[in-house]
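One structure is given here, and the rest of the page talks about it.
The values are calculated or read from the model by the stated rules, or taken from the named source; none is laboratory data. The structure displayed is predicted, hence computed values, not measured ones. Note that we place each Cβ from the backbone using ideal geometry, even for glycine, and neighbour counts take in every protein chain shown. Protein only, heavy atoms only, side chains kept; ligands, DNA and RNA dropped before computing areas. Shrake-Rupley method; radii C 1.70, N 1.55, O 1.52, S 1.80 Å.
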Amino acid sequence: MADRLQVLTAIYQADRADRGSTLTVSLATMGAAVTYLVGTIAFYDKIDLLGWAIALLPFPLLCIAAFHANLLTVAALRARSILALEQELAAAAGGLDSEKIGVIASERATNVHTAPKAQKFATIIAYGGVGLIYLAYIALMLVKAAKHLNGWVAVPITVYAVLLVPIALAWHRSTTLLDFRASQDESGAADD
């Protein structure tokens, strides 16, 4: 029994550390995205010098959005793992209320599915705001590129629309994975 607890504790600590580093990577890539946006917008009046290549400027932001969808999926899966490990460790410790400690407590406070209304809206504003900024930037650059591409602007519009679909689906899957209520319902059904 003691060996099992040591293994669970080691896995738990690794998962917690990985989850923390995922947040750090996410913040760093957001910083890169903001720097990119500010850098390109700062030269907006000179951007016409790029000609048709203006239509390529939004592509790095799509890459960052796709990467963030992957990071969010990893974070959600890691949080589910941490949740399961915490429940096992709390059961082994006996008498600990796993609803008030660890990942469940923090997720209840910050997760868009379970957070209080004010926190839920703050989370939606944060993620939704980033999404709106990305979409506005794509539209702005495509409008700017339209005079250089004429009717051919339909090509990058179509490409970006097609690329946005799997990114949106990945974000949706990530947020679905973050719904721990479903996770608890599944584990309760599995116990029955």
### Evaluation of T73 against (1) farther than 17 Å from Y137 by Cα; (2) over 18 Å from the mean Cα position of the chain (by Cα) (one fails), failing number
(2)
## Note on the structure
By residue number, the members of segment 67-84 that are β-branched (V, I, T) and either open to solvent by 40 Å² or more (accessible area, probe 1.4 Å) or on the phi > 0 side of the Ramachandran plot (or both) are V74
### Task
Only one of these is assigned to a helix (DSSP H, G or I), within 20 Å of I101 (Cβ to Cβ) and touching a Phe, Trp or Tyr at 6+ places or on another chain (Cβ under 6 Å): L85, L8, L23. Name it.
L85
### Summary
Per the list (1) assigned to a helix (DSSP H, G or I); (2) open to solvent by 40 Å² or more (accessible area, probe 1.4 Å), residue check on I64 breaks on (2)
### Message
If L61 satisfies all but one of (1) free of Cβ contacts under 8 Å to residues at least 12 places away in the same chain; (2) under 30 Å from L149 (Cβ atoms), what's the number of the condition it fails?
### Response
(1)
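I want to confirm something. Restricting to segment 85-98 and keeping residues that are out of contact with any helix residue (DSSP H, G or I) (no Cβ under 7 Å at 6 or more places or on another chain) and surrounded by fewer than 17 Cβ atoms within 10 Å (Cβ to Cβ), which single residue is farthest from R4 (Cα to Cα)? Spell out how you get there, then give the answer.
Step one: of segment 85-98, the residues out of contact with any helix residue (DSSP H, G or I) (no Cβ under 7 Å at 6 or more places or on another chain) are 87, 90-91, 93-95, 97.
Now drop any that are not surrounded by fewer than 17 Cβ atoms within 10 Å (Cβ to Cβ), which leaves 91, 93-95, 97.
Values: A91: 13, A93: 13, G94: 15, G95: 19, D97: 21 Å.
Residue satisfying both the conditions and the ranking: D97.
Name the single residue that is surrounded by the most Cβ atoms within 10 Å (Cβ to Cβ) among those in segment 99-109 being of a type in the set (G, A, S) and touching a helix residue (DSSP H, G or I) at 6+ places or on another chain (Cβ under 8 Å). Reasoning before the result, please.
Within segment 99-109, the first condition is being of a type in the set (G, A, S), and the residues that meet it are 102, 105-106, 109.
From what is left, the residues that are touching a helix residue (DSSP H, G or I) at 6+ places or on another chain (Cβ under 8 Å) are 102, 109.
Details: G102: 19, A109: 11.
Here the answer is G102.
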### Query
Given the conditions (1) open to solvent by less than 60 Å² (accessible area, probe 1.4 Å); (2) part of a helix (DSSP H, G or I); (3) not hydrophobic (A, V, I, L, M, F, W, C), which single one is not true for Y127?
(1)
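Yes/no matrix, rows are residues, columns are (1) in contact (Cβ under 8 Å) with a residue 60 or more places away in the chain; (2) open to solvent by less than 90 Å² (accessible area, probe 1.4 Å); (3) hydrophobic (A, V, I, L, M, F, W, C):
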site: A17; (1), (2), (3): no, yes, yes
site: S26; (1), (2), (3): no, yes, no
site: V38; (1), (2), (3): no, no, yes
site: D45; (1), (2), (3): no, no, no
#### Entry: When residues of segment 110-123 are limited to those that are more than 17 Å from G20 (Cα to Cα) and either assigned to a helix (DSSP H, G or I) or aromatic (F, W, Y) (or both), the one least open to solvent (accessible area, probe 1.4 Å)
T123
#### Entry: Search result, residues across segment 130-153 that are loosely packed, with under 15 Cβ neighbours inside 10 Å and of a type in the set (S, T, Y)
none
